[in-house]
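The values are calculated or read from the model by the stated rules, or taken from the named source; none is laboratory data. Because the structure is a prediction, the values reported are computed rather than measured. Note that each Cβ is placed from the backbone with ideal geometry, even for glycine, and that neighbours are counted across all protein chains shown. The protein model used for the area step is the full one, side chains on, heavy atoms only, and it has no ligands, DNA or RNA in it. Shrake-Rupley method; radii C 1.70, N 1.55, O 1.52, S 1.80 Å.
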Amino acid sequence: MTEKNTEEKKTLADTVGGVLTKYRVFFLCVIVGLIVVAVAWGIISYVSSSSHMKGLDQLDAIMHTLSKEASAANDEAGVAAAREVALPQVLELAAKNKGTIVGLRANMAAAELYFSQGKWSEARDCWLEAAATKDAGYTAPVCYYNAAVCSEELSDADAAISYYEKVLSSGECEFEPHVLFSLGRLSEGKGDYVAASENYLSLKDQYPSDAWTNLAESRLIALRAEGKIQ
């Protein structure tokens, strides 16, 4: 190595060293800051996970107590009383954990309790709240399906159709034949025979061997016989 190269390396090293020395406090703060951020993120993740687990444990405890008390009840009145005790606790848990997996499960549990009481509007609200949760995932179609069923109980055909369509658009529907038949049936009830036949035919084309298809075919025959479709 030549003396010139040695001198250039020394000069560069001195320069870098000087910069590091001059701004050592700044660089140290940056490093410490990154460590603090990493630690904070880890703590937040842990606390969040821990909080979710705690919430799910609380929900499981509420539902377990309900199950025990309902099993021990001698009549329907006793079962209803047990549900009345559990429902406010489940709703409180849902409200405190809105938008999380805990809130999702709590809303679904509350919806089931309302449904068992024949409170269709309240049940539908809880199903929709659960479906709107960010991490609803595969449970969203189930929630929309049940919201549609509640809407039918409320004689709200338009809402039922809307929610059944959301089930189909989810792309994760395991009970599509029933949904398609329900859409056809509801369209018939509204006098929209074209939409009804389209749903029945879609069911026939996609699920030729399904039990719901047999019912759809009988409706298509009846609609043609009545001159309502070609």
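What single numbered condition from (1) under 21 Å from LEU56 (Cβ atoms); (2) touching a residue at least 24 places away in the same chain (Cβ under 8 Å); (3) open to solvent by 50 Å² or more (accessible area, probe 1.4 Å); (4) not acidic (Asp, Glu) fails to hold for MET108?
So the condition that MET108 fails would be (3).
If I ask for residues that are farther than 12 Å from LEU180 by Cβ, in a helix (DSSP H, G or I) and open to solvent by 80 Å² or more (accessible area, probe 1.4 Å), which ones from the stretch 194-226 would you list?
Those that are farther than 12 Å from LEU180 by Cβ, in a helix (DSSP H, G or I) and open to solvent by 80 Å² or more (accessible area, probe 1.4 Å): VAL194, ASN214, ILE221, ARG224, ALA225.
Considering each of VAL32, VAL25, VAL39, VAL19 in turn, give the residue that is modelled with pLDDT under 50, farther than 30 Å from ASN146 by Cα, surrounded by 11 or more Cβ atoms within 10 Å (Cβ to Cβ) and aliphatic (A, V, I, L, M). Steps first, please.
Working: VAL32 fails: surrounded by 11 or more Cβ atoms within 10 Å (Cβ to Cβ); VAL25 fails: surrounded by 11 or more Cβ atoms within 10 Å (Cβ to Cβ); VAL39 fails: surrounded by 11 or more Cβ atoms within 10 Å (Cβ to Cβ).
Sole residue among the options that is modelled with pLDDT under 50, farther than 30 Å from ASN146 by Cα, surrounded by 11 or more Cβ atoms within 10 Å (Cβ to Cβ) and aliphatic (A, V, I, L, M): VAL19.
Considering the stretch 118-140 alone, what residues qualify as being open to solvent by less than 60 Å² (accessible area, probe 1.4 Å) and part of a helix (DSSP H, G or I)? Break it down into steps so the answer makes sense when it comes.
Of the residues in the stretch 118-140, the ones open to solvent by less than 60 Å² (accessible area, probe 1.4 Å) are 118, 121, 123-124, 126-128, 130-131, 133, 136-137, 139-140.
Hits for the stretch 118-140 are SER121, ALA123, ARG124, CYS126, TRP127, LEU128, ALA130, ALA131, THR139, ALA140.
Would you confirm whether any residue within the stretch 85-100 is loosely packed, with under 14 Cβ neighbours inside 10 Å and β-branched (Val, Ile, Thr)?
Yes: one or more hits.
Restricted to the stretch 164-183, and to residues that are in a helix (DSSP H, G or I) and aromatic (Phe, Trp, Tyr), which residue is farthest from ASN199 (Cα to Cα)? Even if it seems obvious, please write down each step before you answer.
Residues of the stretch 164-183 that are in a helix (DSSP H, G or I), as a first pass: 164-169, 176-183.
Add one more test, that the residue is aromatic (Phe, Trp, Tyr), and what stays is 164, 181.
Details: TYR164: 12, PHE181: 7 Å.
My answer is TYR164.
Can you pull out every residue in the stretch 87-108 that is within 22 Å of TYR145 (Cβ to Cβ) and among the polar types (S, T, N, Q)?
Matches in the stretch 87-108: ASN107 only.
If we scan the stretch 141-159, do we find a residue that is without any contact (Cβ under 8 Å) to a residue 12 or more places away in the chain, open to solvent by 30 Å² or more (accessible area, probe 1.4 Å), closer than 23 Å to PRO177 by Cα and among the small types (Gly, Ala, Ser)?
yes
Residue by residue through the stretch 150-163, note down the ones that are within 10 Å of TRP120 (Cβ to Cβ) and assigned to a helix (DSSP H, G or I). Give the derivation first.
We begin by selecting, within the stretch 150-163, every residue within 10 Å of TRP120 (Cβ to Cβ); these are 150-156.
Passing the criteria: CYS150, SER151, GLU152, GLU153.
Quick one: in the stretch 59-83, of everything that is part of a helix (DSSP H, G or I) and open to solvent by 80 Å² or more (accessible area, probe 1.4 Å), which residue is nearest to ALA106 (Cα to Cα)? Walk me through how you get there before you give the answer.
Here is the first cut: in the stretch 59-83, the residues part of a helix (DSSP H, G or I) are 59-72, 76-83.
Going one step further and asking which of them are open to solvent by 80 Å² or more (accessible area, probe 1.4 Å), we end up with 64, 68-69, 71, 76.
Values: HIS64: 13, LYS68: 18, GLU69: 19, SER71: 21, GLU76: 23 Å.
The qualifying residue nearest to ALA106 (Cα to Cα) is HIS64.
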